[in-house]
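Novice: Just passing along the structure, written as C-alpha cells.
The values are calculated or read from the model by the stated rules, or taken from the named source; none is laboratory data. The shown structure was predicted, so the numbers you read here are calculated from the model rather than taken from an experiment. Because the Cβ atoms are built from the backbone with ideal geometry, glycine has one as well, and the counts that use them run over all protein chains shown. The area values use the complete protein model at the heavy-atom level, side chains included, leaving out ligands, DNA and RNA. Shrake-Rupley method; radii C 1.70, N 1.55, O 1.52, S 1.80 Å.
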Amino acid sequence: AVAIYLAQEGIEYIRNMRDAYVLYPANGTWISFRTKLSSCNQGNECGINNSVSVTDSSFIFKCSSGGCKLYLNDGGYDSSGSTDSGFVRKVWAEVIDKDREVKIFSKVEWTQGSGDYSITFSENLFNWYEI
C-alpha cells in the first residue's frame, strides 16, 4: 500500500510541476517544463526533492549510484534524511509530442523478505494551456 501511495505521489509532483510552469508565466512555459524533464529518461531516472518548490533547480535531480532512496522524515517520505525507508522512487519522462504531450513514469522499488518488488505508474500530461 505504501509503494502505491509513493508511486502516485511521484506522478502528482510532476503534474504539479507542469501546472506551475504552464499556469504561471513567471515560472516558465511548457517548453521550460519539458526541458527540465529532458534529462530524465528511462535509464537516466531522476528523483524528486519535495522539500523545495517545483520551480527550484534542485526539485528534479539525477539519481546517483545509490539510487533515489526515500527516507522517513517527520512521518513522511523525503529524498533526504537519516532513516532509510527501504523504498526507492524514480521518475522519468518520454516526449510524445514536443509541443503538446509527455508521458511521465513513477517507479517505486523495495525489498520485502527475500524478494525485490516494484510498481510503476504512468500518465500522459498535456500542454492544455497554449498561449
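Novice: Compute, for the chain, the length of the dipole vector about the Cα centre, with Cβ point charges of +1 (Lys, Arg) and -1 (Asp, Glu) only. Units Debye, rounded to 20.
Specialist: 240
Novice: State which stretch of the chain is the longest one without any exposed chymotrypsin sites (Phe, Trp or Tyr not before Pro), exposure meaning a DSSP loop state and at most 14 other Cβ atoms within 10 Å.
Specialist: Segment 1-127 is the longest.
Novice: Ok, one more. DSSP loop (so not H, G, I, E, B), at most 16 other Cβ within 10 Å: list which trypsin sites (Lys or Arg not before Pro) in the range 1-104 pass both filters.
Specialist: Answer by residue number: Lys98, Arg100.
Novice: Using a 4.7 Å cut-off between beta carbons, which cysteines in the chain end up with no partner cysteine at all?
Specialist: There are none, since every cysteine in the chain has another cysteine Cβ under 4.7 Å of its own.
Novice: Can you spot the lysines whose alpha carbon is less than 28 Å from Lys98's alpha carbon? Ignore those fewer than 8 places along the same chain.
Specialist: Lys36, Lys62, Lys90, Lys107
Novice: Working from Cα positions, state the angle (0 to 90°, nearest 10) between the long axis of helix 2-23 and the longest principal axis of the chain.
Specialist: Value to nearest ten degrees: 20.
Novice: Counting only heavy atoms of protein chains, what accessible area per residue, in Å², does the chain have with a probe of 1.4 Å?
Specialist: For the chain, the solvent-accessible area averages 54 Å² per residue.
Novice: Could you look at the chain and say what percent of its accessible area is carbon and sulfur, using a 1.4 Å probe and all protein chains?
Specialist: 48
Novice: Roughly what would the spin-label model give for Ser114 and Ser53, points 7 Å off Cα along C-beta, in nm?
Specialist: Roughly 5.1 nm, to one decimal.
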